[in-house]
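Presented below is the structure to which this report refers.
The values are calculated or read from the model by the stated rules, or taken from the named source; none is laboratory data. Since we're looking at a predicted model, the values are computed, not measured. Here the Cβ positions follow ideal geometry from the backbone for every residue, glycine too, while neighbour counts run over all protein chains shown. Just so you know, the surface numbers come from the protein's heavy atoms only, side chains and all, with ligands and any DNA or RNA stripped out. Shrake-Rupley method; radii C 1.70, N 1.55, O 1.52, S 1.80 Å.
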Amino acid sequence: MRGWHRLGRLGAAWVALWCVALLGACTQPQLFHQEAYVFGTRVDLTVYGEPHEVAAEAMGAVLQEFDRLHRAYHAWQPSELTALNEAIARSEAAVVSDELAAMLTDAQQLSATGDGLFNPAMGALIGLWGFHADEFAPRLPDPAALRTVIEARPRMSDLVITGNRVESRNPVVQLDLGGYAKGYALDRAVAILRDKGIDNALVNIGGNVMALGKKGDTPWRLGLQHPREPQPLATLPLYDGEAIGTSGDYQRYFELEGRRYSHLLDPRTGMPATDSQSLTVLVTPRKDAGTLSDVASKPAFIAGDDWREYTRRYDIDHALRVTAAGRIEVTRALRARLQFPSGTPGVTVVD
């Protein structure tokens with residue numbers, strides 16, 4: 001999937017390492033940590049306060065689930081999702097699993113909330129830009145092919161979902177759940193951990209993070225990746241049931257003739273969005289908080305100066321934006337949580 005593949009040089013793998021450092025140097029006897037490379041990115045699982053055998057079994061179950069999701073919904077290697085895309089391209093209906101039907105229905109609603117700026121139907125655009133690969137070649141897409149897809153306007157609203165039967169009014173729709181599935185995996189991970197009796201854990205999928213319980217007497221604490229420097233932009237506590245997601249132009253991108261082209265495409269133009277360096281949302285406890293943390297950062301990032309309107313649409317009060325010029329804008333609710341390094345330039349607080 002698009003969002004599950006190799007990150008840029010200053011990407012979320014560094015965030016994962018920073019999170020681990022903040023958790024404590026992995027010397028505490030009750031803190032168990034496991035890393036893996038799944039979805040084309042680094043995954044970190046941390047469990048606190050359980051016997052080693054219990055923690056290991058639970059973390060193993062989570063990683064097994066991640067592997068299943070990766071194989072089932074890969075956007076360009078053979079999967080249930082690519083089979084659906086092939087049927088759509090033939091203007092045929094397909095019968096999909098209960099899980100995929102539910103995911104697509106949810107993604108359709110979330111896309112509508114964000115005016116289609118979150119658009120999993122634009123897999124064809126992502127492919128044209130070369131982001132359906134583990135390594136990105138520094139080249140621009142063919143202008144004629146790009147124009148054809150833009151003019152066809154593939155949207156999630158083109159899908160007709162009836163039970164397990166999925167078809168599209170628009171054969172140019174090609175589904176890519178990369179902006180949805182990491183968050184969905186967070187929710188699945190927390191559900192599995194709770195089912196296994198784990199009360200305190202932290203799940204980090206390439207910088208998308210969700211907390212379960214706390215670490216001893218203190219909340220989990222993590223750092224937000226600086227979009228241009230190998231250091232944290234800020235640190236903050238993360239409480240039980242909360243999730244953080246960040247969209248950034250430093251995660252998956254290539255450079256050509258001094259210009260950065262990121263995977264965060266504006267579906268209206270077919271071009272990478274350029275008004276922001278990063279956009280972080282913190283979702284307070286609610287149903288599917290992990291999924292929402294992944295999805296909601298995309299429309300806000302693409303919207304540029306109108307970012308706050310889109311975080312409000314998803315009922316998110318805790319958000320931070322780094323503009324293209326490097327200015328930091330943060331909501332009042334999130335500013336109260338953040339600790340910035342000394343010397344950080346002025347921070348603009350918005351309501």
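Expressed in nm to one decimal, what extension gain is obtained for the pair Asn164 and Thr344 from 0.36 nm per residue of sequence separation less their Cα-Cα distance?
Here the answer is 59.7 nm.
Need the full-extension length gain, Thr284 to Arg71, defined as separation in residues times 0.36 nm minus the C-alpha distance. One decimal, nm.
My answer for the length gained is 73.7 nm.
If R0 is 22 Å, what FRET efficiency do you get for Thr269 and Asp106 from their C-beta distance, rounded to 0.05? Could the numbers behind the result be given before it?
On the way: r = 26 Å, r/R0 = 1.18.
E(calc), rounded to 0.05, equals 0.25.
Rounded to two decimal places and with Rh computed the Kirkwood way over Cα pairs, what is Rg over Rh for segment 80-168?
Looking at segment 80-168, the ratio lands at 0.99.
Show that you can apply the helix-only estimate: for the chain, add -39,500 (n - 2.57) for every DSSP H stretch of four or more residues, divide by all residues, and state [θ] at 222 nm to the nearest 500.
Details: 10 runs with 119 residues, N = 351.
One gets -10500 deg cm²/dmol as the mean residue ellipticity at 222 nm.
Scan around Val38 for amide H atoms under 5 Å from its own, H built in the peptide plane at 1.01 Å from N, and keep only partners 5 or more places away or cross-chain.
Val43
Where the accessible area of segment 80-168 is counted over protein heavy atoms with a 1.4 Å probe, how much of it, in %, is carbon and sulfur?
51
Calculate one ³J(HN,Hα) per residue across segment 310-321 by plugging θ = phi - 60° into the Karplus curve 6.51 cos²θ - 1.76 cosθ + 1.60, and present them in order as whole Hz with x for glycine and proline.
Taking θ as phi minus 60°, the curve returns 7, 5, 5, 4, 9, 6, 10, 9, 9, 8, 9, 10 Hz for segment 310-321.
Over segment 15-167, calculate the relative contact order: mean separation of alpha carbon pairs under 8 Å at least 6 apart, over the residue count, as a percent.
18
So if R0 is 30 Å, what FRET efficiency would Asp306 and Asp98 give, r being the distance between their Cβ atoms, rounded to the nearest 0.05? Please list the in-between numbers first.
Numbers: r = 36 Å, r/R0 = 1.21.
About 0.25, to the nearest 0.05.
Quote the relative contact order of segment 199-336 in percent (integer), defining contacts as alpha-carbon pairs under 8 Å separated by 6+ residues.
It comes to 18 percent, rounded to a whole number.
Could you tell me the relative contact order of the chain? Use alpha-carbon pairs under 8 Å, at least six residues apart, and round to a whole percent.
Answer for the chain is 18 percent.
Give the lysines whose C-alpha is closer than 18 Å to that of Lys298, dropping any in the same chain fewer than 8 places away, or say none.
Lys182
For Glu309, what is the net charge nearby, where nearby means another residue's Cβ is under 15 Å from its Cβ and Lys, Arg count +1, Asp, Glu -1?
-3
For the chain, what is the largest minus smallest coordinate of the Cα atoms on each principal axis, given in angstrom and ordered from greatest to least?
Dimensions of the chain along the principal axes of its Cα atoms: 56, 45, 35 Å.
Using each residue's phi in segment 157-171, evaluate 6.51 cos²θ - 1.76 cosθ + 1.60 at θ = phi - 60° and report the 3J(HN,Hα) Karplus result to the nearest Hz, with x for Gly and Pro.
5, 6, 6, 10, 10, 10, x, 9, 9, 10, 9, 10, 6, 10, x
Could you report segment 114-179's accessible area per residue, 1.4 Å probe, as an integer in Å²?
Numbers: 2900 Å² over 66 residues.
Counting only protein heavy atoms, the per-residue value for segment 114-179 is 44 Å².
Would you pull out the residues with amide H under 5 Å of His318's amide H, same chain only if 5 or more places away, H placed 1.01 Å from N?
Under 5 Å from the amide H of His318 lie the amide H atoms of Leu282, each far enough along the sequence or on another chain.
Report, by chain and number, residues whose modeled amide H sits under 5 Å from the one on Ser276, excluding near sequence neighbours (fewer than 5 apart, same chain).
Amide H to amide H, under 5 Å and 5 or more residues apart or across chains, Ser276 pairs with Ala324.
Apply the Karplus curve 6.51 cos²θ - 1.76 cosθ + 1.60, θ = phi - 60°, to the phi angles in segment 234-243 and return the couplings in whole Hz, x for Gly and Pro.
6, 10, 7, x, 10, 9, 3, x, 8, 9
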